[in-house]
Each structure stands twice: as C-alpha cells, then as structure tokens.
1. Any idea what the relative contact order of region 1-82 is, in percent, if you count C-alpha pairs under 8 Å spaced at least 6 apart?
2. How big is the chain in terms of Cα radius of gyration and Dmax, in angstroms?
3. To the nearest 20 debye, what is the magnitude of the charge dipole of the chain about its Cα centre, counting +1 on the Cβ of each Lys and Arg and -1 on the Cβ of each Asp and Glu?
4. In square angstrom, what is the accessible area per residue of the chain with a 1.4 angstrom probe?
5. If you average the sequence gap of Cα pairs under 8 Å that are 6 or more apart and divide by the length of region 131-246, what percent do you get for the contact order?
6. Of all DSSP beta bridges located in the chain, what percent are antiparallel, nearest 5?
7. State the antiparallel share, in %, of DSSP beta bridges confined to region 48-207, rounding to the nearest 5.
8. Just want the answer: with Cβ charges of +1 for Lys and Arg and -1 for Asp and Glu, which residue in 193, 290, 321 is farthest toward the dipole's positive end in region 189-323?
Amino acid sequence: MKVTVKANTNIALVKYWGKKDENLKIPLNNSISMTLDKLYTITTSDISDNDQDQVIFNNKEASEISKNKIIKFVDIFRNQYKRKEKLIIKTENNFPTASGLASSASGFAALAKSINEVFDLNLSDIELSKYARIGSGSACRSIYGGFVEWQKGKKDNGEDSYAIQLVKENYWDVRMMVVIIDDKQKDKSSTDGMKETVETSPFYPAWLDTIDNDLNNVRQGILDKDLEKVGITMEHNCLKMHSTMFTTRPAIIYWKPATLAVINKVYELRKSGIQCYFTMDAGPNVKILYEQNNSEKIKKEIMSISEITNLIECKVGSSALII
Ligand code: PMV
C-alpha cells in the first residue's frame, strides 16, 4: 500500500534549545510553535519487494548520511512492531534543506505519519509526536496544525515528552514571513550547537530560569490573540537563545549582516506604528510575525533591503495529513 503524507514545518515562538537526553531527544525546556502552511515536506512510503530500503530525496538517490538517518528511524518502528518489510521512501521538501528553515521538523513528521500508514499501525497523534521527536526534536510539533506546545515531560524514557495542540489553525489569523538571507546548508547543526551551548555557556542556566515566564506569556497571548504580548516575548526569547550561543566556547554565531538589517527594519516598522516582531533559529534567516492587514507594507519594506531577494509569507498551517 502506497501512502503519501504532507507535513508542514513549524517555527518556535518559544524555542527549544538544549537536550536532557541526546539519543531520545528529550529537551531541557518546553517550547511553543506555529505551524506554517507554505513550507512543507511530502513523503511517500511503499512496501518494497527488494531486500534493502530505498530512499529518494528531492528526486535523487539520497546521500549515505540522509539515507542512514531515515533507515535508522524506520528501524525504530520495525523493531517495536516486529515488522520486516523493506520500504521505498520518496521525500521532497518544497524549500531548502538544513538552512535553519526547519526542514527536519516537517521531514520527520511526514516520515513518522507515512510509516504509521504503510505499516497500518493506527498510532495516535501523541504516539506519532513521540516518534517524530526521536527523528528530530522539533518534528514532534509538526504533527499538529495551529499553535503547538512540546511538553518536555519528566520521565527518563521520553514517554511523556510529546507535543499537543494549543489551538487550531483557524483560531487566530496571523502571518509569518520567512525572510531568506542564506538558503545554503548551515555549518553547525542545531544538535551540535545546542550540545556545545549546554556544556559551555555561562548563561545557559538563565535561559532555563526564565523560560516558564516566556511560555506563560506566549500561551496566554495566543489564547487572547494578543500580537504584542506574543511578539515581544518571542523576540526576547529568541535573543536570549542567541545570547547563549554567542557566549558558547567557541562562539556560535549564525547571524549574517543582513540578519541585523532585517531586525533593524522590524524596529523601524514598529516605530512607524506597524506591529511586527522577529525571531531566528539556528541559521541567519529571519521570521517576522504580524497581522494580515500590514502584509503589503511589511513586504515592501523588507524587499527594500538590498541583500534580500526572497521571502515567503505563510499563514498558520494545518496538521500532517494523508494526501
Ligand atoms: O529539532 P532541531 O534539532 O532542528 O532543533 C530546533 C532548534 C530551533 O529551531 C533553534 C528551535 C526550535 O524550537 O525549533
């Protein structure tokens, strides 16, 4: 049985940065994200007659590294559910991979759901979220649409570390603009970056100490549809995360000059009365949160920055689904 799944990526408003368990990808803090409708992965899984798995990535035979990652993930299901079948997996992102645009989030969410279907496992979204988490932490949030919280959980085996939906995609009509500054593969993966930060940044404890406050503000801000509350907290949270990176040894700096140019433009826009707020992940690209009525003005201003040639305007996206 051949099955195709589409999963949207997500961008964290309160970030996940730091693991309690590297293998199981259990985080040291909760995080809250928005699912984006325009950046997604489409994955088709099918039972193969061969004695080996086959992985096609963006229409080409996958590299050894990607193939091994994907097969290791399928093996978790094969071991758990005593399945022997080999698979043909075709996966495609509609946006650049490993550039801080959260391709692994949509990728592992789509893969988990497609394996669930092809092996007919009938797993709940919570179970799928836990499996997706083992693929790539933030993927656990991409099982759902709307606004989503990943609860770090308390158990050492990760059984209670999964995401839940806070509100559906039609609850609040906000936009997120992804401003592409550099779409090349990043030098340092988020996995290595967060490990080094936890181990060496003297400011990492402050990150953990202040996270509950950020989570409470963003959760409440989403429920109240309060853009200012969500936006101000999101910016502060992102700058705290990057401050822990800057103070890692050796320092981790994902920013490019254009990253600061976009940040300054967001401040200028706000001064002129247009509500918009920025966030960044493990890469130089900036994401801006705003309401639809300001869309045209913000696009025009961002495109006036000479280094910026491409932006993607997203609405709140839906859950991973079979297509
Ligand atoms: O799940 P990973 O390994 O891609 O890590 C994601 C880390 C951030 O994007 C920086 C933050 C987040 O919560 O998505």
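1. Working: 84 pairs, mean separation 24.0, N = 82.
The value is 29 percent.
2. Looking at the chain, its Cα Rg and Dmax stand at 19.1, 63 Å.
3. Working: 44 positive and 42 negative charges, 25 e Å.
That gives a dipole near 120 debye.
4. Details: 14290 Å² over 323 residues.
Result: 44 Å² of accessible area for each residue.
5. Working: 95 pairs, mean separation 20.3, N = 116.
About 17 percent, as a whole number.
6. On the way: 49 of 53 bridges.
In the chain, DSSP labels about 90 percent of beta bridges as antiparallel.
7. Numbers: 7 of 11 bridges.
Among the beta bridges of region 48-207, antiparallel pairing accounts for roughly 65 percent.
8. Farthest towards the positive pole: 290.
The values are calculated or read from the model by the stated rules, or taken from the named source; none is laboratory data. The shown structure was predicted, so the numbers you read here are calculated from the model rather than taken from an experiment. Cβ atoms come from the backbone with ideal geometry, glycine included; neighbour counts cover every protein chain shown. For accessibility, only protein heavy atoms count, side chains too; no ligands or nucleic acids. Shrake-Rupley method; radii C 1.70, N 1.55, O 1.52, S 1.80 Å.
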